[in-house]
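S.K.: What follows is a structure written as structure tokens; I'll ask about it next.
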Amino acid sequence: MNANPPSASSPRVIPIAPAPLPAARRLQWRRRLFQGGFYLLFILAPVFDLFRFDLEADHAWLLGFEWRLGLDDFLARRASNVEAGANLLLRLFLPVFGVAAVVLWISWKWGRLFCGWLCPHFSIVEFLNALFVRASGKPTLWEKAPLPAVRTGGTRLRRDPRWWLLVVPAGVLLAFSWAVVLLTYVLPPAAIYANLIALDFTLNQTVFLAIVTTALSVDFLFARHLFCRYMCSVGVFQSLVWMKNRDALVVGFDRARASACSTCLPGRESACNAACPMRLKPRSIKRHMFTCTQCGLCLEACAETQQHNPDGPLLAWVSGEAARQNEAGFSAAQERRATSKGASLQG
């Protein structure tokens, strides 16, 4: 028996803020941790010989150990063709195809999870997008119109052209840092960083740094998400595999409550569209979300704008039968629109 029953005058508390918003924010914190950890791994892997190929020593390093293909004896005529072929199979093809199989299996189930959660390039995309928004109100130079003036948290987007003084140097500096890191993957890192401190690179190193810095600067400042969408072979293969699995993880849209989107942001603008780093429309069908990186930023934006809606957000990750039904819902909606359009034309 309750010894202290609530008094009749006690106010009754009815929670109306659903759980998805805190969960979406925790998800983004976890994603940032994964991104930051993999970015550090990208920089430090050559330093600790976790993975790199040393052109001077003419062999690779893997997890601190020398990784050779076992062809030295064959070249010295101390091993047969069969032994050389077996070494290539065990030490090159099986590891490469094994890693590729794991990546493709993950893509089959969850889409471009590597891109959104680990890829260092995508971290640069998001970072520079944020700087571009501060400078111009647009995440890229190719955006037709600025992002909505009112953000999901209710604050107003403030544009300040003075941010361009940081945007361009940041893009070039990041490109140069990547060029240095990439150089450590093929030459001894200690020598490269010593040359960097002394600003005394060899001619070949200088040429490499100049070419790669220029190419990456163009990518970071002008292409970014376009590279991810159209030019990254790793990303495209992940997308192709993901598209073949109708049960794969996908951003689902509750079309039955689509009218709630009209109150998303002032002016009937969409928070989910504004949040997407790849400049996609998350409420679209799967084939229009071909390059979705599963970053979940659209889910967080929807959860924030709908946090006082008792029915919760309209976007959520779905998989399996729910993913099939999500696409079937889009097809049914398209059929209704076509029927309605035909009836209006006949009238």
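S.K.: What are the aspartates and glutamates whose alpha-carbon lies under 16 Å from the alpha-carbon of residue 286, with same-chain residues fewer than 8 places away excluded?
M.R.: Answer for residue 286, where 16 Å is the Cα cut-off: 247, 254, 321, 327, listed by chain and number.
S.K.: Helix 120-136 versus the longest principal axis of the chain: what is the Cα-based angle in degrees, 0 to 90, to the nearest 10?
M.R.: For 120-136 against the chain, the angle is about 50 degrees.
S.K.: Could you please state how large a percent of the accessible area of the chain is carbon and sulfur, counting protein chains only and using a 1.4 Å probe?
M.R.: The nonpolar share, carbon plus sulfur, comes to 66 percent.
S.K.: For segment 184-229, with every protein chain kept in place, what is the accessible area per residue (1.4 Å probe, Å²)?
M.R.: 52
S.K.: Let's see if you can work this out: charge +1 on each Lys and Arg Cβ, -1 on each Asp and Glu Cβ, no other charges. What is the dipole magnitude of segment 256-296 about its Cα centre, in debye to the nearest 20?
M.R.: Once rounded to the nearest 20, the dipole reads 180 debye.
S.K.: Packing-wise, with mean Cβ within 10 Å as the measure, how do 125-138, 315-328 rank, highest first?
M.R.: In decreasing order of mean packing, 125-138, 315-328 become 125-138, 315-328.
S.K.: Relative to the first principal axis of the alpha-carbon coordinates of the chain, what is the inclination of helix 203-218, with its axis defined by its Cα atoms, in degrees from 0 to 90 and to the nearest 10?
M.R.: The helix 203-218 is inclined about 10 degrees to the chain.
S.K.: Another question about this same structure. Can you give the angle from 0 to 90° between the axis of helix 189-198 and the longest principal axis of the chain, with both taken from C-alpha atoms, to the nearest 10?
M.R.: Compared with the principal axis, the helix lies near 80 degrees.
S.K.: Can you work out D for segment 271-312 in µm² s⁻¹ from Stokes-Einstein, where Rh is the Kirkwood radius over C-alpha pairs, the temperature is 37 °C and the viscosity is 0.692 mPa s?
M.R.: 306
S.K.: Could you compute the FRET efficiency for residue 258 and residue 29, with r as their C-beta to C-beta distance and R0 at 25 Å, rounded to 0.05?
M.R.: After rounding, the FRET efficiency stands at 0.25.
S.K.: What percentages make up the Cα-Cα pair-distance distribution of segment 183-263 when the bins are 5 Å wide from 0?
M.R.: Answer for segment 183-263: a P(r) of 3, 11, 12, 12, 11, 11, 12, 8, 6, 5, 4, 4, 1 percent.
The values are calculated or read from the model by the stated rules, or taken from the named source; none is laboratory data. Since the structure is predicted, the reported quantities are computational estimates derived from the model, not experimental observations. Cβ: placed from backbone, ideal geometry, glycine included. Neighbour counts: every protein chain shown. Surface accessibility is based on the protein's heavy atoms, side chains included, excluding ligands, DNA and RNA. Shrake-Rupley method; radii C 1.70, N 1.55, O 1.52, S 1.80 Å.
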